[in-house]
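Right, one structure below, let's go through it.
Please treat every number below as a calculation from the coordinates, not as lab data. Predicted model only: the values in this text are computed from it and were never measured. When we count neighbours, we look across all protein chains shown, and the Cβ atoms used for this are built from the backbone with ideal geometry, even at glycine.
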């Protein structure tokens, strides 16, 4: 019952909060930018040629897949920002407000506080991202770029949702470890920047070293998942485009890494730490 | 007297923060329906004691039971019937006082419709009926403190922990709150209250426990002592100033 009460309050208060407007703007901005950018590429294909110059075969003609590929690149930052801003507040924010000991004194499990907040955020955040994605897809049709195959659309939507879930999970862990939400946000942002740098490094490092580092690269795993779901038709720019021959084994490994290690494990770790932590008021 | 007649029992309860001993082998027994005042200088361990009893802090050693439920073995059951007012309580400032109380009641296990009734009742009891639907961020410090006190009682707890409940209250509000606390105890509920203000403790408590450096220095039934609490306190507490 406590879990339900927390979820209802969190959903209501998030939607009615001023910062929800900021989240909406942050999430809508890449959609608008990408529609504009896709239209530019549609009008002037030389932009596309320059953009894909690093590909083995640079693209000369605009298509919906390449538009979504560029969308993934520009949307990950706002997704990370919204996930970090909101999730950093989960526990550190309650502590800063002086609410944490009050909540803990109630007959509820500590994990219910984390899961209630996490679930309510996902209930708002994931449909919002899905809606944004659908708006963008619809815009491509209206511009005249057309629509990608369903498996490619599902692949890109999965990628967006995975990015959101992973970033949120990591921010929750930092929130449990920090005394203030600002500290949690900063910690998560530094971690994510280092992680993104690692992603870029793997492109330029020798293959053997890159293969080792790719095991902990979010973009690498996401690219494999996307490649497999789309039947080898889609990829993300940061990893140099569509992965070659994404097989079922690689897919299962990368999917497990994203879901189990990068999404569920930070949450379980957060709960484990929070359940054992001494909590003092402020 | 059977053990269940005690609402709070601590047995060698100890809390250490690294080398600092905040609560040192504390043995306390508070009967049901009693108001127990805990007094002591700053840093005596009053708040740490309460934070252990509400299961926010894990004891380093020793044990405690609330209404017969062990706070370590059965923390969820131990918290089922407690209310808590922290010193310097927090709020969701964009919520109204009414919604805050309703939320706290629901988290305490009260059904939504009943929680709404309780929220209205307690807003009235602390004199906030007229401002009940205003956002908490518009409340004065005294109003916030009254709201915080109301939330400690709103879920019908049988044991209430109040950490400095009268801070920020004007004399009239203080009188009303003390009256509310006494009335609540008269219904058979147990109150454990910490305060620096000795006349308040003297006025409403049945028993007073004086602690210093985490240890009980004196435990008295107020009806049975001949001297004033202030005299007793001065004679008991050595402190760094003496």
If I take every Cα pair under 8 Å that is 6 or more residues apart in region A:2-194, average their sequence separation and divide by the length, what percent do I get for the relative contact order?
34
Taking Cα centroids, how far is region B:115-168 from region B:38-63 in Å?
24
For the modelled label position 7 Å from the Cα of residue B:137 along Cα-to-Cβ, which residues of region B:85-113 have backbone nitrogen atoms closer than 18 Å?
B:90-101
Here the relative contact order (percent) of region A:163-282, from C-alpha pairs under 8 Å and at least 6 apart, is 28
Would you order A:12, B:186, B:131 from fewest to most other beta-carbon atoms within 10 Å of each residue's own beta-carbon?
B:186, A:12, B:131
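Taking neighbour Cβ counts within 10 Å as the exposure measure, how do B:116, B:93 sort from fewest upward?
Details: B:116 17, B:93 13.
So the residues, fewest neighbours to most, are B:93, B:116.
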How much of the DSSP bridge set in the protein assembly as shown is antiparallel, in percent, rounded to the nearest 5?
60
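By the gyration tensor of its Cα atoms, with a ≥ b ≥ c the square roots of the eigenvalues, what is the shape of region A:156-239: rounded for a/c under 1.5, prolate for a/b over b/c, or oblate?
oblate
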Approximate spin-label separation residue B:172-residue A:8, in nm, with each point projected 7 Å along Cα-to-Cβ
3.6
Top of B:54, B:225, B:21 by mean-square fluctuation, Gaussian network on chain B, Cα under 10 Å:
B:225
Shielding by partners - mean other protein chain Cβ count within 10 Å, residues of A:2-9
4
Most fluctuating of A:107, A:246, A:58 in the GNM of chain A (C-alpha, under 10 Å) is A:107
Normalised by the number of residues in chain B, what is the relative contact order in percent for Cα pairs under 8 Å and 6+ residues apart?
26
Using alpha carbons only, how many angstrom separate the centre of region B:66-106 from the centre of region A:165-237?
39
Taking Rh as the Kirkwood radius computed over C-alpha pairs, what is the Stokes-Einstein D of region A:2-194 at 37 °C in a medium of viscosity 0.692 mPa s, expressed in µm² per second?
181
Quick numbers on region B:58-113, Rg and Dmax over C-alpha atoms in Å, give 14.4, 41
Helix A:218-229 vs. chain A, principal-axis angle (Cα, 0 to 90°, nearest 10):
60
The distance between the Cα centres of region A:63-120 and region A:9-38, in whole Å, is 14
Quickly work out the residue A:250-to-residue A:54 label distance, labels modelled 7 Å from Cα along the C-beta direction, and quote it in nm with one decimal.
1.8
Rg(Cα) / (2.2 N^0.38 Å) computed for chain B, rounded to two decimals:
1.00
If packing is taken as the average count of other Cβ atoms within 10 Å, what order do B:145-155, B:9-19, B:59-69, A:44-54 fall into, highest mean first?
B:145-155, B:59-69, B:9-19, A:44-54
Calculate, for residue A:47 and residue A:16, the FRET efficiency according to 1/(1 + (r/R0)^6) with r their C-beta to C-beta distance and R0 45 Å; round to the nearest 0.05.
0.60
As a test of the formula, what do you get for the protein assembly as shown when each DSSP H run with n ≥ 4 contributes -39,500 (n - 2.57) and the sum is divided by the residue count, at 222 nm and rounded to the nearest 500 deg cm²/dmol?
-18000 deg cm²/dmol
Using the alpha-carbon atoms, what tilt in degrees (0 to 90, nearest 10) does helix A:265-276 show relative to the longest principal axis of chain A?
10
Using 0.36 nm per residue of separation minus the Cα-Cα distance, give me the extension gain between residue A:278 and residue A:211 in nm, one decimal.
20.0 nm
Which angle between 0 and 90 degrees, to the nearest 10, do you get for helix A:110-143 versus the longest principal axis of chain A when only C-alpha atoms count?
20
For peptide B:79-85, compute the average count of partner chain beta-carbon atoms within 10 Å of each residue's beta-carbon.
3
